[in-house]
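The values are calculated or read from the model by the stated rules, or taken from the named source; none is laboratory data. Every value quoted in this text rests on a predicted model; they were computed, and no experiment measured them. Don't worry about glycine lacking a Cβ; one is built from the backbone with ideal geometry, like all the others, and counts go over all protein chains shown.
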Amino acid sequence: MNETIHTLITRRSVRKYKKAQISDEDLYLILQAGTYAASGHGLQPCTIVVIQDTDTLARLSALNAKIMGTTSDPMYGAPTVLLVLADMEKSPNAWSDGCLILGNLMNAAASLHLGSCWINRAKEEFETPEGKALLKEWGLPEHLVGVGHCIVGYGDGPEPAAAPRKPDFIKFVK
């Protein structure tokens, strides 16, 4: 089987991570793959924020947990969070472009034998005063919209099994 297709079929969301940080080399490869995601009209209206600082990770996790209504860590202890933000003022396709970036990030991580998972609630996070404060701290415009977080790290435990694909997933119209 083609290596790319194999990675796409076998990638799974990982929800338990070792504390060890990923290498800079792997991080840059993953980020490069993210920057090459398709973009409507080639406008590239998204920003990827790399978060590896433990204090910032804790703040982001707490904000996400608050929105989710829990005290657990929604980032599952991952040592790296790749936050994708969309500039809807730059392009009406920015949200969709951000989703493609997240897919590329996760697939690139899988190709390097790293665990990853898309974590939601980024939109809600960056609508809050705390989220706006983070954007300001990072020197980013406050109008950016959170698309999602790609958590990345070395999985701690067995790789999750794939759920069966639903029988009516594909419909042919010939």
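Please tell me if Thr71 is farther than 27 Å from Arg11 by Cβ and among the hydroxyl-bearing types (Ser, Thr, Tyr). Lay out the reasoning, then the answer.
On the way: farther than 27 Å from Arg11 by Cβ: yes; among the hydroxyl-bearing types (Ser, Thr, Tyr): yes.
It is true that Thr71 is farther than 27 Å from Arg11 by Cβ and among the hydroxyl-bearing types (Ser, Thr, Tyr).
Among the numbered criteria (1) closer than 21 Å to Ser39 by Cβ; (2) surrounded by fewer than 18 Cβ atoms within 10 Å (Cβ to Cβ); (3) of a type in the set (A, V, I, L, M, F, W, C), which single criterion is violated by Ala122?
With respect to (1) closer than 21 Å to Ser39 by Cβ; (2) surrounded by fewer than 18 Cβ atoms within 10 Å (Cβ to Cβ); (3) of a type in the set (A, V, I, L, M, F, W, C), Ala122 is out only on (2).
Restricting attention to segment 11-34, which residues are surrounded by 14 or more Cβ atoms within 10 Å (Cβ to Cβ) and part of a helix (DSSP H, G or I)?
Asp26, Leu27, Leu29, Ile30, Leu31, Ala33, Gly34
In segment 146-157, what count of residues is obtained for those that are in a loop (DSSP other than H, G, I, E, B), of a type outside the set (Phe, Trp, Tyr) and closer than 23 Å to Tyr28 by Cα? Steps first, answer last, please.
Residues of segment 146-157 that are in a loop (DSSP other than H, G, I, E, B), as a first pass: 154, 156-157.
Next, only the ones that are of a type outside the set (Phe, Trp, Tyr) stay: 156-157.
Applying the additional criterion that residues be closer than 23 Å to Tyr28 by Cα yields 156.
The number of residues fulfilling the criteria is 1.
Identify, please: which residue in segment 49-78 is of a type in the set (A, V, I, L, M) and more than 14 Å from the chain's Cα centre (by Cα) and is, among those, surrounded by the fewest Cβ atoms within 10 Å (Cβ to Cβ)? Reasoning before the result, please.
Narrowing segment 49-78 to residues of a type in the set (A, V, I, L, M): 49-51, 57-58, 60, 62-63, 65, 67-68, 75, 78.
After this cut, where a residue has to be more than 14 Å from the chain's Cα centre (by Cα) as well, the list is 58, 62-63, 65, 67-68.
On the way: Ala58: 12, Ala62: 15, Leu63: 20, Ala65: 16, Ile67: 18, Met68: 14.
Only one residue tops the list, namely Ala58.
Please identify the pairs in which a residue from segment 158-174 that is closer than 22 Å to Ser13 by Cβ has its Cβ atom under 9 Å from the Cβ atom of a residue that is part of a loop (DSSP other than H, G, I, E, B) and not aromatic (Phe, Trp, Tyr), counting only partners at least 6 apart or on another chain.
Hits for this filter: Glu159/Arg12; Glu159/Val14; Pro160/Arg12; Pro160/Val14; Pro160/Arg15; Ala161/Arg12; Ala162/Arg12.
Just to be sure I understand, how many residues within segment 108-145 are touching a residue at least 60 places away in the same chain (Cβ under 8 Å), part of a loop (DSSP other than H, G, I, E, B) and over 19 Å from Ala94 (Cα atoms)?
Just the residues of segment 108-145 that are touching a residue at least 60 places away in the same chain (Cβ under 8 Å), to begin with: 108-112, 114-118, 125, 128, 130-131, 134, 138, 140, 144-145.
After this cut, where a residue has to be part of a loop (DSSP other than H, G, I, E, B) as well, the list is 112, 114, 128, 138, 140, 144.
Okay, now just the ones that are also over 19 Å from Ala94 (Cα atoms), so 112, 114, 128, 138.
The qualifying residues number 4.
Among (1) surrounded by 11 or more Cβ atoms within 10 Å (Cβ to Cβ); (2) in a loop (DSSP other than H, G, I, E, B), where does Leu8 come up short?
(2)
Which condition does Ser116 not pass, out of (1) at pLDDT 95 or above; (2) over 16 Å from Lys19 (Cα atoms), if it passes all the others?
Among (1) at pLDDT 95 or above; (2) over 16 Å from Lys19 (Cα atoms), the lone unmet condition for Ser116 is (2).
Step by step: first the residues of segment 38-48, then only those that are among the small types (Gly, Ala, Ser) and surrounded by 14 or more Cβ atoms within 10 Å (Cβ to Cβ), then the one that is nearest to Val81 (Cα to Cα). Which residue is that?
Step one: filter segment 38-48 for residues among the small types (Gly, Ala, Ser), giving 38-40, 42.
Now narrow it down to the ones that are surrounded by 14 or more Cβ atoms within 10 Å (Cβ to Cβ): 39-40.
On the way: Ser39: 22, Gly40: 25 Å.
Ranking the candidates gives Ser39 first.
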